[in-house]
1. Scan the stretch 16-38 residue by residue and report those that are exposed (fewer than 13 other Cβ atoms within 10 Å of the Cβ) and charged (D, E, K, R).
2. Can we say residue 550 is farther than 28 Å from residue 312 by Cβ and buried (at least 16 other Cβ atoms within 10 Å of the Cβ)?
3. Checking residue 52 against (1) out of contact with any helix residue (DSSP H, G or I) (no Cβ under 7 Å at 6 or more places or on another chain); (2) in a loop (DSSP other than H, G, I, E, B), only one condition comes out false. Which one?
4. Confirm whether residue 145 is open to solvent by 30 Å² or more (accessible area, probe 1.4 Å), assigned to a strand (DSSP E or B) and at pLDDT 85 or above.
5. Return the only residue of 338, 351 being under 17 Å from the mean Cα position of the chain (by Cα) and without any contact (Cβ under 8 Å) to a residue 60 or more places away in the chain.
6. Please go through (1) under 16 Å from residue 220 (Cα atoms); (2) of a type in the set (Lys, Arg); (3) part of a loop (DSSP other than H, G, I, E, B) for residue 402 and return the number of the only condition it doesn't satisfy.
Amino acid sequence: MKTRWAARYDPGVPASLRYPAEPLTRFLEHAAVNFPDQTATVYFGARLSYRDLNALANRFARALPVLGFRPGDRVALMLPNCPQMIAAYYGILKARGIVVQLNPLLAAPEVAAQLRDADARLLVALPRFEPIWGSLVAEGVVKTVILTRVGDWAPLPMRWLIPLVQRWHGEPGDRLRGPGRVRLTELIRDMDGSNLSAAPRSADIALIQYTSGTTGSLKGAMLSHANLAANALQCRAWMHDLKPGPGGDIFLGVLPFFHVYGMTVCMNLAISSACTMILLPKFHVDQVLDAICKYHCTIFPGVELMYSAINRSTRAGKACLTSIRACISGAGPLYREVQETFEGLTGGRVVEGYGLTEASPVTHCCPIYGGCRTGTIGVPFPDTDAKVVDQATGRRELAPGRIGELIVRGPQVMRGYWNNPAETRIALRRGWLYTGDLAVMDRDGFFRIVERKKDMIKTRGENVYPRNVEEVLLRHPGVADVVVVGLPDQAEGERIKAYIVPKGDRPTHADLVEWCAKSLAKFEIPQEFEYRAFLPKNIIGKTLRRLLREEERRLKGVRS
């Protein structure tokens, strides 16, 4: 399928790609054959070659049947970015299993719900997450936990130091022994590291990734090997100047790989290109600056929160950041001030992309080296189609400039939701994925996300898009961060409230109203402003409006 947006692509980006009928695991195997000595990962200074990473995945794949695993079984991962996370992910796939990625920041009941839904009886996790997985083992939700320490593949001094630091900070000690617990290093110790003879098919389900999806309820998106491989290849084509092998590109791997964005745009993309990944388990601005300077990272997939934190760092102007060549910012809007400041510090390019879990995830991106339009998500990827349709029927395509629901189709779109045909029918209709996002396309084919359908505010009979209000408030010199939500109101339907993290002295209510009045209609101006030290965000920097709404609901119940 040749895209009609190809004229907007950077030179060198093809309109259409060829997608080999091979499983995702072939990326790692090809890298191990073609660049066996190339560094795949750097983790606390310890290097692992592609030959060794592939062998590690093979050993894990061969060890799984010892625990009762059979092809098609689901195996859950609850790990930060580390070599064993990548090896376990690819090992599960090589064994013809299905990966279930878990966010370790979730509460135990949420994790239990996902594990029960996927019927994942094996879990790979850190001992420090025992407050979550311990009760699941006791209740029989999980049969066996395969345990690995953060430092298991770090240099020898770090293997001793990390547990000591954890204990110093009061974290629970390692609990590697006991019923239902197996040590990863012992499990794979005597396993063969050669490639397995039986490989998964490209059509097989590779991943169940849980998401609130397009309708707000928790669902497991089924992504096949073909879906994930296609999106990695699309990303690689978009970054057409990626250099593989020795002397090639170096990815900063700080986006969490348990999130579909980091998994595709960093882990799978880097492996498909035989590039090096600098693995950081968590985002700390000083560690990120140190990593960029020490390893001369060239590719930095991230989120606006990360680029903004670097911009604010007192070290950023003194750090050697000029190795950065290209960054794709996802999971939320990239504001002009953040983009321009970061590009000024690095000399590299940072552009906004768009995607959703159900599409592996990337569907749109701004051209990296030319023709980028700030404030837009760019144009659809090669072989990806998109249009804006009316909200009433979901069938009528709207003219440029009209706001409606964004729908997409392409080889990266999911097979459906796990064990949930009803929600699948809502999301997938007539070959299109309905994103649940309100968007507008301009006359040149560039798309802009206006709002999530569920976040749109209806007040006084008018539609208000929080992102528009937030962009205005963020331009105020006294506002560092902001989120706008709609709260139930008997008279107006919903009232608009802005939660603000101030920058310096707090602006007054009157000052903020006057500021908004210069750019917004009267009905769009928030009625309430509340100051916060910080806003609730998830692991990739998305502000959690839901938590603020729930807080308001609880407070209203107390007051009444």
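1. Scanning the stretch 16-38 gives 18, 37.
2. No: the conditions fail for residue 550.
3. For residue 52, the failing item is (2).
4. It is false that residue 145 is open to solvent by 30 Å² or more (accessible area, probe 1.4 Å), assigned to a strand (DSSP E or B) and at pLDDT 85 or above.
5. 351
6. (1)
Residues are listed down the side, and each one gets a yes or a no for (1) open to solvent by less than 20 Å² (accessible area, probe 1.4 Å); (2) closer than 29 Å to residue 130 by Cβ; (3) free of Cβ contacts under 8 Å to residues at least 60 places away in the same chain; (4) in a helix (DSSP H, G or I):
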{"site": "14", "(1), (2), (3), (4)": "no, no, no, no"}
{"site": "41", "(1), (2), (3), (4)": "yes, yes, no, no"}
{"site": "63", "(1), (2), (3), (4)": "yes, yes, no, yes"}
{"site": "89", "(1), (2), (3), (4)": "yes, yes, no, yes"}
{"site": "99", "(1), (2), (3), (4)": "yes, yes, no, no"}
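Residue by residue, here is whether (1) within 15 Å of residue 9 (Cβ to Cβ); (2) of a type in the set (S, T, N, Q) holds:
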| site | (1), (2) |
| --- | --- |
| 367 | yes, no |
| 370 | yes, no |
| 373 | yes, no |
| 387 | no, no |
| 390 | no, no |
| 393 | no, yes |
| 399 | no, no |
| 402 | no, no |
| 406 | no, no |
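The values are calculated or read from the model by the stated rules, or taken from the named source; none is laboratory data. This one's a predicted model, so the numbers in the text were calculated from it and none came from an experiment. Glycine also receives a Cβ, built like all others from the backbone with ideal geometry; neighbour counts cover every protein chain displayed. These area figures cover heavy atoms from the full protein model, side chains too; ligands, DNA and RNA do not enter into them. Shrake-Rupley method; radii C 1.70, N 1.55, O 1.52, S 1.80 Å.
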